Amino acid sequence: MLKKRLIPKLLIKKSKNNNPVLVTSFQFQKYKLIGDPISQAKIFEAQHADQLILLNIDKSEISNKNPIINLLNEFSKKIFMPLTFGGGIRKIDSIELLLRNGADKICINSIALKNEKFVSLASSIFGKQCVVVSIDFKFNGKFFEVYENSGKDPTGKNIISWSKKLEQLGAGEIVLTDITLDGTSKGLNI
């Protein structure tokens, strides 16, 4: 039997002064400021979480000038558990930058929907274990459909067939988020 892993997902947005802060979301529409991401990560580390996922939900492109890189550096100096980083990844260079600055894995979503070959390319360069793909979905009345653009736009893709396709393309892990249950405290869509 596979070991169950506890992997908290932390959402990061820019504050008014452009610094990354931790937020919670409600169905991808409403956001509530929680505070310092590193403080929360230390709590999860003390509770023996297996890994953390840090998502830049502002979608600001990853570059040396992005304050998120400083946060990632600070994370790697203060938090000693595997870290997956996602959000704003549009180029292979962005993955290299994130891995050099403390990420152990990267998580992509939009770029996989726009350019499936990006998944294969990233997997071939960095290894399958490094590439995580996030899938946001809702039940559309007929099937569980994949959504993009922060849950606003349906893609027409079925979650099962898209997941299988991603696996074939080289995704090492897939993170599923049910938009309808997000932030409702009703539990997971098992």
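The values are calculated or read from the model by the stated rules, or taken from the named source; none is laboratory data. Just so you know, these numbers come straight off a predicted model, no measurement behind them. Heads up, the Cβs are rebuilt from the backbone with ideal geometry, glycines too, and the neighbour counts pull from every protein chain shown. To get the accessible areas, we keep the full protein, side chains included, count just its heavy atoms, and leave off ligands, DNA and RNA. Shrake-Rupley method; radii C 1.70, N 1.55, O 1.52, S 1.80 Å.
Which aspartates and glutamates, on any chain, are close to K77 with Cα under 19 Å apart, when same-chain ones fewer than 8 places away are left out?
Here the aspartates and glutamates satisfying the reach criterion relative to K77 are D36, E45, D50, E96, D104.
Averaging sequence separations of C-alpha pairs under 8 Å and six or more residues apart, then dividing by the length of the chain, give the relative contact order as a whole percent.
Relative contact order comes out at 17 percent.
Leaving ligands and nucleic acids out of the surface, order E61, E173 by accessible area at 1.4 Å, largest first.
Reading off the accessible areas and sorting them downward yields E61, E173.
Can you tell me what percent of all Cα-Cα pairs in region 53-124 are more than 19 Å apart?
27
Quick one, which of [x] 1.06; [y] 0.98; [z] 0.94 is the actual Rg/Rh (Cα atoms, Kirkwood Rh) calculated for this model?
The calculated read-out lines up with [z].
Kindly state, to the nearest 0.05, the FRET efficiency for K3 paired with I43, given R0 = 30 Å and r defined as their beta-carbon distance.
For R0 = 30 Å, the calculated efficiency reads 0.85.
How far apart, in nm, are two points set 7 Å out from the Cα along the Cα-to-Cβ line at D153 and at S185?
Computed distance between label sites D153 and S185 equals 3.4 nm.
From the protein chains alone at 1.4 Å, what is the descending order of accessible area for K152, K138, largest first? Write down the numbers at each step before the final one.
Numbers: K152 130, K138 55 Å².
The most accessible residue leads, giving K152, K138.
Quote the convex hull volume per residue of region 114-154, based on C-alpha atoms, as a whole number of Å³.
Here the figure is 84 Å³ per residue.
Which value in deg cm²/dmol, rounded to the nearest 500, describes the helix-derived mean residue ellipticity at 222 nm for the chain, given -39,500 (n - 2.57) per DSSP H run of n ≥ 4 and division by the residue count?
Result for the chain: -9000 deg cm²/dmol, rounded to the nearest 500.
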